[in-house]
Amino acid sequence: MNKINLGNSGLLVPEIALGCMRMADLSKDDAAKMINTAMDAGINFFDHADIYGGGKSEEVFADAVGMNPAVREKMILQSKCGIRPGMFDFSKEHILESVDGILKRLQTDYIDILLLHRPDTLVEPEEVAEAFTILKKNGKVREFGVSNQNPMQIELLSKYVEQKLVANQLQLSVTNTGMIDAGLNVNMTIDRSVDRDGSILDYCRLKDITIQAWSPFQFGFFEGVFLDNPKFPELNTVIDRIAAEKGVENTAIATAWILRHPAKIQTVVGTMNPERLQAISAASNITLTRQEWYEIYLAAGNELP
């Protein structure tokens, strides 16, 4: 499994991470099998959030691995906070309380990365800065980042936060390419030329912020997967052909498409199927050619100017 530098933190992480949103639905034994499969594949990065399963996903994870210091040191744990029922909350009090809850559920003294989970329009960045400083000083969080934020939101936080923001988790798949489309259709009067996110892809590259791609197999906003979906016949024909040529599953090609981008994007996959994860992990050994990358992009219904 290839590793990348998370931002410019010096923390080397696998380019594929396991998203644990659905782990709450697994038994202890099934969760243990899932985690062990990930570790065996070199995927020792586990992405959590305090809202996943209402906190149960973190509890199941810790119970499944029999969390202890020896086990903990083999893993990179990331969690997110800021989403509450009917609202977003980046207040100092909520951030601190959320992290304490995360640590308790994960049965650990620290997490490697904390992300703020979706933007809070009522954010007071001074409060975020105070919370981050306390968490860093107390050793509860080592690195910090955001999720689903645009450049100006990150700039606002960065004005006050002492710590470098090292990650931004964003939706990206071959059927959700908004951050790529605008950069390919500059100075045009078509829908794909509309910059809806402040050039977040280029911004993160300039600022050494690692983009973490979530829902790499989804189309729309959790509308379903595009792989083996009759709604996307041309895309699947192309992906399946390339997968057959390289002797891997279609999930590996869909993942390799994201990994091929020079931004060094980390892909977060949420499967809870060990065999599927093994198939996906093969993407780390594949480098698509420029022609293959563009062929897949076009087969998804995109057009070049």
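The values are calculated or read from the model by the stated rules, or taken from the named source; none is laboratory data. Keep in mind the model is a prediction, meaning the values are calculated, not measured. Backbone-built Cβ (ideal geometry, glycine too); neighbour counts: all protein chains shown. Remember, those area values only see protein heavy atoms, side chains included, never the ligands or the DNA or RNA. Shrake-Rupley method; radii C 1.70, N 1.55, O 1.52, S 1.80 Å.
Every residue, every condition in (1) open to solvent by 20 Å² or more (accessible area, probe 1.4 Å); (2) within 23 Å of Phe219 (Cβ to Cβ), yes or no:
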| site | (1), (2) |
| --- | --- |
| Met272 | yes, yes |
| Gln278 | yes, no |
| Ala283 | no, yes |
| Tyr294 | yes, yes |
| Ala300 | yes, yes |
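Search the stretch 220-235 for residues being touching a Ser or Thr at 6+ places or on another chain (Cβ under 9 Å) and at pLDDT below 95, and hand back the single one that is surrounded by the most Cβ atoms within 10 Å (Cβ to Cβ).
Gly220
Taking Lys264, is it charged (D, E, K, R), in contact (Cβ under 8 Å) with a residue 12 or more places away in the chain, farther than 24 Å from Gly183 by Cα and outside any helix (DSSP H, G or I)?
Values: charged (D, E, K, R): yes; in contact (Cβ under 8 Å) with a residue 12 or more places away in the chain: yes; farther than 24 Å from Gly183 by Cα: no; outside any helix (DSSP H, G or I): yes.
Here the answer is no, as Lys264 does not meet what is asked.
Return the pairs, sorted by first residue and then second, in which the second residue is surrounded by fewer than 16 Cβ atoms within 10 Å (Cβ to Cβ) and not aliphatic (A, V, I, L, M), the first residue lies in the stretch 58-78 and is closer than 20 Å to Pro14 by Cβ and without any contact (Cβ under 8 Å) to a residue 60 or more places away in the chain, the beta carbons are less than 8 Å apart, and the residues are 6+ apart or on different chains.
Ala64/Lys28; Ala64/Asp29
Keeping to the stretch 28-43, report how many residues are crowded, with 20+ Cβ neighbours inside 10 Å and over 11 Å from Leu277 (Cα atoms).
Number of matching residues: 1.
Might you check whether a residue that is out of contact with any Cys (no Cβ under 6 Å at 6 or more places or on another chain), more than 16 Å from Leu227 (Cα to Cα) and aliphatic (A, V, I, L, M) occurs anywhere in the stretch 252-260?
In the first step, residues of the stretch 252-260 are kept if they are out of contact with any Cys (no Cβ under 6 Å at 6 or more places or on another chain); the result is 252-260.
Still in the list and also more than 16 Å from Leu227 (Cα to Cα): 259-260.
Adding the requirement that they be aliphatic (A, V, I, L, M) leaves 259.
For the stretch 252-260, residues out of contact with any Cys (no Cβ under 6 Å at 6 or more places or on another chain), more than 16 Å from Leu227 (Cα to Cα) and aliphatic (A, V, I, L, M): present.
Results for (1) under 22 Å from Cys204 (Cβ atoms); (2) open to solvent by 30 Å² or more (accessible area, probe 1.4 Å), shown as yes or no for each residue.
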| position | (1), (2) |
| --- | --- |
| Ala17 | yes, no |
| Leu26 | no, yes |
| Phe45 | yes, no |
| Gly55 | no, no |
| Met67 | no, no |
| Glu73 | no, yes |
| Glu93 | no, yes |
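Which count do you get for residues in the stretch 236-265 that are more than 20 Å from the chain's Cα centre (by Cα), open to solvent by less than 80 Å² (accessible area, probe 1.4 Å) and under 16 Å from Leu298 (Cβ atoms)?
Here the count works out to 5.
Pairs please, first residue from the stretch 25-39 and under 15 Å from Gly66 (Cβ atoms), second anywhere and in a helix (DSSP H, G or I) and of a type in the set (Gly, Ala, Ser), Cβ atoms under 7 Å, 6+ apart in sequence or on different chains.
Filtered contacts from the stretch 25-39: Lys28/Ala64; Ala31/Ala64; Ala32/Ala64; Ile35/Ala64.
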